[in-house]
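Student: Got a structure for you, written out below as structure tokens; questions coming shortly.
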Amino acid sequence: MSSLVTLLSDFGDRDVYVAVMKGVIAQINPQLRTVDLIHHIPAQNIAVARFCLMNACPYFPPGTVHLAVVDPGVGSQRRAIAVEFAGGFLVGPDNGIFSGVLAESPAIAAVELTNPKYWRTPQPSKTFHGRDIFAPVAAHLASGVALQQLGREIDLASLIKLNIQQCNVTNTGVRGCIQYIDHFGNLVSNIPESCVQSQKWCVQISGVRIPGGETYTDVALGEAIALVGSHGWVEIAINGGNANLQMGINVSDELEVLFL
């Protein structure tokens, strides 16, 4: 067991919500360490949360508990779950937020969080399951409580998956879409590095053809470049600029890698 809990949310840093979850974790076990992945997910954007969690999880020790709360369905009939996978545990709503991680490392077991013994209160808030269910469950898991004690087992095939557009190989290259825009305005596609290895290629998007390269400085300042980012996906960037703002391209916009 790692005794480490990561936190991801759309709570931002203007309110006390993140600190409250950390306080709940510390009340249960003050020896646990917490790491903030990101709390500036666009409000209620499960797809962006899925991407960020998927790209962060591989860098943590086995047994880490990943607490993710982007939960537009809080208080509804959506399930609160905990999932075991090869890298550790996932705790949060069953709304597709974990589907990226589980596509890379399939679930081993999952439970619906139905045992109030491991909640902060048997009468949780209808609007803050992060505080009353998910944070305490994450703390108990990281302290050694068995997954099966947290609630009833659920069929792994029933876990919600987001309907994310897949990239597709064509006669001329690979078609995909933009799945994430980072802090620098880089446009991250859903086309993995494996699709362009050992190829000469460029990207076409919104009627513009962008050369493929290896570093941002392969083009002059202010010019666009397509390359494989550190996360392993083809991305579009502006050397010294912001591709999102300068090109007017957004999440879900389609693009194509063309082989030369």
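Every number here is computed from the coordinates shown, using simple stated rules; none is lab data. Values in this document were obtained by computation on a predicted structure and should not be read as measured data. Every residue, glycine among them, receives a Cβ derived from its backbone with ideal geometry; neighbour counts consider all protein chains shown.
Student: Which value does Rg/Rh take for the chain over its C-alpha atoms, Rh per Kirkwood?
Tutor: Taking Rg over the Kirkwood Rh, I get 1.03.
Student: Follow-up. Quick one: Met21, Met247, fewest Cβ neighbours within 10 Å first, how do they rank?
Tutor: On the way: Met21 26, Met247 19.
Fewest-to-most Cβ neighbours within 10 Å comes out as Met247, Met21.
Student: On to the next question. Could you please rank Thr114, Thr215, placing first whichever residue has the fewest other Cβ atoms within 10 Å of its Cβ?
Tutor: Thr215, Thr114
Student: Of the DSSP beta bridges with both residues in the range 4-158, give the percent that are antiparallel, rounding to the nearest 5.
Tutor: Here the antiparallel bridges make up roughly 50 percent for the range 4-158.
Student: Here is a further query. Using Cβ contacts closer than 10 Å as the measure, can you line up Arg50, Arg79 from fewest to most?
Tutor: Arg79, Arg50
Student: How far is helix 17-28 tilted, in degrees, relative to the longest principal axis of the Cα atoms in the chain, given as a value from 0 to 90 rounded to the nearest 10?
Tutor: In the chain, helix 17-28 runs at an angle near 40 degrees to the longest axis.
Student: Once Rh for the range 43-95 is found with the Kirkwood sum over Cα pairs, what is the Stokes-Einstein diffusion coefficient at 37 °C and 0.692 mPa s, in µm²/s?
Tutor: 280
Student: If you take every residue apart from Ile97 with its C-beta less than 9 Å away from the C-beta of Ile97, what net charge results, scoring Lys and Arg +1 and Asp and Glu -1? Could you put the intermediate results ahead of the total?
Tutor: On the way: positive: Arg50; negative: Asp71, Asp94.
Within the 9 Å Cβ shell, the charges total -1.
Student: Pop out the Kirkwood hydrodynamic radius of the range 153-253 from its pairwise C-alpha distances, inverse of mean 1/r, in Å to one decimal.
Tutor: Numbers: mean 1/r = 0.0693 Å⁻¹.
Averaging 1/r across every pair of different Cα atoms and inverting gives 14.4 Å.
Student: Now, a different point. What shape does the range 202-260 have by the C-alpha gyration tensor, where a ≥ b ≥ c are the square roots of the eigenvalues, rounded means a/c under 1.5, and otherwise prolate means a/b greater than b/c and oblate the rest?
Tutor: Judged from the Cα gyration tensor, the range 202-260 comes out rounded (a/c under 1.5).
Student: Helix-only estimate, please: 222 nm mean residue ellipticity of the chain, summing -39500 (n - 2.57) across DSSP H runs of length 4 or more and dividing by its residues, to the nearest 500.
Tutor: On the way: 5 runs with 42 residues, N = 260.
Rounded to the nearest 500, it is -4500 deg cm²/dmol.
Student: Another one. Largest first, please: the extent of the C-alpha atoms of the range 76-148 along each principal axis, to the nearest Å.
Tutor: In descending order, the Cα extents are 35, 27, 15 Å.
Student: Given that compact globular proteins tend to follow 2.2 N^0.38 Å, what is the ratio of the alpha-carbon Rg of the range 99-228 to that value?
Tutor: Against the compact-globule rule of thumb, the ratio is 1.57.
Student: If each of His183 and Arg78 carries a label point 7 Å out from its Cα toward its Cβ, how far apart are those two points in nm?
Tutor: Reported label-point gap for His183 and Arg78 is 2.6 nm.
Student: Relative to the present Cα-Cα distance, how much length would full extension add between Ala43 and Lys126 at 0.36 nm per residue of separation?
Tutor: Between Ala43 and Lys126, full extension yields 28.1 nm more.
Student: Using 0.36 nm per residue of separation minus the Cα-Cα distance, give me the extension gain between Gln246 and Val169 in nm, one decimal. If you can, show how the numbers build up before the last one.
Tutor: Numbers: separation 77, 0.36 × 77 = 27.72 nm, distance 2.82 nm.
Computed gain between Gln246 and Val169 is 24.9 nm.
Student: Does the range 14-125 come out rounded, prolate or oblate by the C-alpha gyration tensor, with a ≥ b ≥ c the root eigenvalues, rounded set by a/c under 1.5 and, if not, prolate when a/b is larger than b/c and oblate if not? Before the final figure, lay out each step's value.
Tutor: Working: a/c = 1.21, a/b = 1.19, b/c = 1.02.
Rounded, because the longest to shortest axis ratio a/c is under 1.5.
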